[in-house]
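Since every read-out is calculated from the coordinates, none of them should be taken as a lab result. Because the structure is a prediction, the values reported are computed rather than measured. A quick note on method: Cβ atoms are made from the backbone with ideal geometry, for glycine too, and the neighbour counts reach across all protein chains shown.
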Amino acid sequence: MSSRGVLDQPAPPPDAVLRYGPLPEHVIDVRWPAAATAAPLVVVVHGGYWREEYDRTHAGPQCVGLAAAGYAVAAIEYRRTGSGNGWDELSADVAAALEQVGGLVAGAAQQAGMDVDPARTVLVGHSAGGHLVAWAAATRDLPGVVGAVSLAGVLDLTLADDLRLDVGPGGPAVHVLLGGSRVDVPQRYAAADPTRLGPPAIPVVALHGDADDVAPLALSESYCAATGQRLVVLAGTDHFAWIDPQSTAWPHELAAIDALARSP
């Protein structure tokens, strides 16, 4: 049975909305932990094959579930493909958000009387968000970030190009993101593809289901083989189970985050 229905599940509004820049997309939804002392911070980067029609709203149940598990949660928004935006705008936004989120959340936590520890920050990205956290782990200096978890991530853009995944307006999703195929714009693939960037500066754990028909398991397998990062494969798990707190995949996600956030 597909977990896709989670995309339409409503979630309570965030406890705070912070800004990291001047554009409408430059926002971060914050949810405080249900009960915790010095709660680790989880930064959620949503998926949607980088396309404009998918925003952070569909990650609401995931964020609520993470807060209930004792984490402070910050879901970043960013410009997505469409309306003239591409990799340059998207990557600039994600970099700016990740560089600022720890300080912004710390300030908001102090005002709200919450105890949050941004020095134990874990990045969590689903689908295209998995690509973005793995890219950031390899290319950005992010103080306080102790690791990243990719959930059904599009971690190999070259393979995704070969597979012509998510063909829509403008062509396959990776073509739209990078402005062409790997033959047309090889330098963009070299700069954006986590599988080609070498081992990341922080640990990345890739979780993927073998029943994923949206972002095939091979995308995580090739990334982990190329970079030496850990791969966890769940039998019978589809693409959307990772963002559904009611799914059987959810405890595995929490375990991966907890192992990074609470490691010595």
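Annotations
- Gap separating the Cα centres of region 138-198 and region 25-70, nearest whole Å: 22
- Relative contact order for the chain, counting Cα pairs under 8 Å that sit 6 or more residues apart, in percent: 19
- 0 to 90° range, to nearest 10: angle between helix 250-261 axis and the chain longest Cα axis: 70
- Working value for region 172-220: equivalent-ellipsoid semi-axes of 22, 17, 7 Å, each the square root of 5 times a Cα gyration tensor eigenvalue, largest first.
- Most tightly packed first, judged by the mean number of other beta-carbon atoms within 10 Å of their residues, the peptides 156-166, 56-66 read 56-66, 156-166.
- Label zone of Asp141 (point 7 Å out along Cα→Cβ, amide N under 14 Å): in region 69-103 this covers 99.
- Distance (nanometres) between label positions extended 7 Å along Cα→Cβ at Thr57 and Leu163: 2.8
- Note on region 54-110: with charges restricted to the Cβ of Lys and Arg (+1) and Asp and Glu (-1), its dipole about the Cα centre is near 180 debye.
- As a ratio to 2.2 N^0.38 Å, the alpha-carbon radius of gyration computed for the chain takes the value 0.92.
- The gain in end-to-end length when the Ala211 to Ala235 segment is fully stretched comes to 7.9 nm, 0.36 nm per residue minus the alpha carbon separation.
- Spin-label model, Ala68 to Ala34: label points 7 Å out along the Cα-to-beta-carbon direction sit 0.6 nm apart.
- Note on region 166-264: Cα-only Rg and Dmax are 15.5, 46 Å.
- Gain upon complete extension [Ala218, Gln9; 0.36 nm per residue less C-alpha separation]: 72.4 nm
- Note on region 143-203: Kirkwood hydrodynamic radius from all Cα pairs is 12.6 Å, rounded to one decimal.
- Entry note: region 106-225 has Rg to Rh equal to 1.05, where both radii use alpha-carbon atoms and Rh is the Kirkwood radius.
- Mean separation of Cα pairs under 8 Å and 6 or more residues apart, divided by the residue count, gives region 152-250 a relative contact order of 29 percent.
- Total formal charge among the other residues, if their Cβ is under 10 angstrom from that of Ser247, Lys/Arg +1 and Asp/Glu -1: -3
- The dipole here belongs to the chain: it is taken about the Cα centre, uses +1 on the Cβ of Lys and Arg and -1 on the Cβ of Asp and Glu, and is about 400 debye.
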